[in-house]
1. So which GluC sites (Glu not before Pro) in segment 107-216 are both in a DSSP loop and have at most 16 other Cβ atoms within 10 Å of their Cβ?
2. Quickly work out the K70-to-T10 label distance, labels modelled 7 Å from Cα along the C-beta direction, and quote it in nm with one decimal.
3. Could you check the simple spin-label distance between L38 and I136, using points 7 Å along Cα→Cβ, in nm with one decimal?
4. Label points 7 Å out from Cα along the Cβ direction at Q123 and A3: separation in nm?
5. Given a cut-off of 19 Å, what percent of all Cα-Cα pairs of segment 133-216 lie beyond it?
6. Around I55, what is the net charge, scoring Lys/Arg as +1 and Asp/Glu as -1 over all other residues with Cβ under 11 Å from its Cβ?
7. What percent antiparallel are the DSSP beta bridges of segment 166-216, to the nearest 5?
8. Give me the orientation-averaged projected area of the Cα convex hull of segment 2-74, in nm², one decimal.
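What follows is calculated from the coordinates using simple rules that are stated; it is not laboratory data. Values in this document were obtained by computation on a predicted structure and should not be read as measured data. Here the Cβ positions follow ideal geometry from the backbone for every residue, glycine too, while neighbour counts run over all protein chains shown.
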Amino acid sequence: MKAEYEISPTTEHYLGQLGVLKKCGHLAEAEEFIKQLLFEPASDVWEALMNFARIHGDIDLEDRAEQLWKDAGGNPLEGGKIVPPPPKKQSVNMLEGKSKVLEFRSPTLYKDEEKMRAAMKEQAYVPDTRYVLHDIDQEAKEQALLYHSERLAIAYGLISTPARMPLRIIKNLRVCGDCHNAIKIMSRIVGRELIVRDNKRFHHFKDGKCSCGDYW
């Protein structure tokens, strides 16, 4: 690249190459590619590998990459998992169309979300409790996922806006893998476009699919 085009590769170029390997499912090659880099990988390189491994269900590689990511200065609050103790930086969601930031604490919303969860399970939704690291039982882990703020924001939007109207949610943290899968199913059930902006990108959920292609 440098010899032929006189372009010095940057981290973005290496991340692009990792993205190619990721979409092909070549996780071992992606890990080997990182090891052969001529510089110490930055936290965003390990974060990319961690997220790729999570998407493809390689838990061992995900754990290794997560540790290297933290060692390189990665912020655990952005990794898509719930990390005890409770973070000082709270997850905040803003629902477009309202002129204020809403705190989703209403018991009514919890009940509506539980109704949605029942409908989702009929659509073969299975809670991914890997994203809850608290030492609690399985049922409590599933309950913790249910109360993620973006899901409560969507529940509020569904009961406070006209049917079929798209919902736009802004989230200050990265959406976790379980919520990403859950919102895909929600979009199919309610027949709405659900747009979620997290700290990584825009996610346009519609008809059970996301614009990111499950890579974020």
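1. E193
2. According to this spin-label approximation, the distance is 3.1 nm.
3. 5.0
4. Computed distance between label sites Q123 and A3 equals 5.3 nm.
5. Percent of Cα pairs beyond 19 Å in segment 133-216: 35.
6. In short, 0.
7. 60
8. Quarter of the Cα hull surface area: 4.9 nm².
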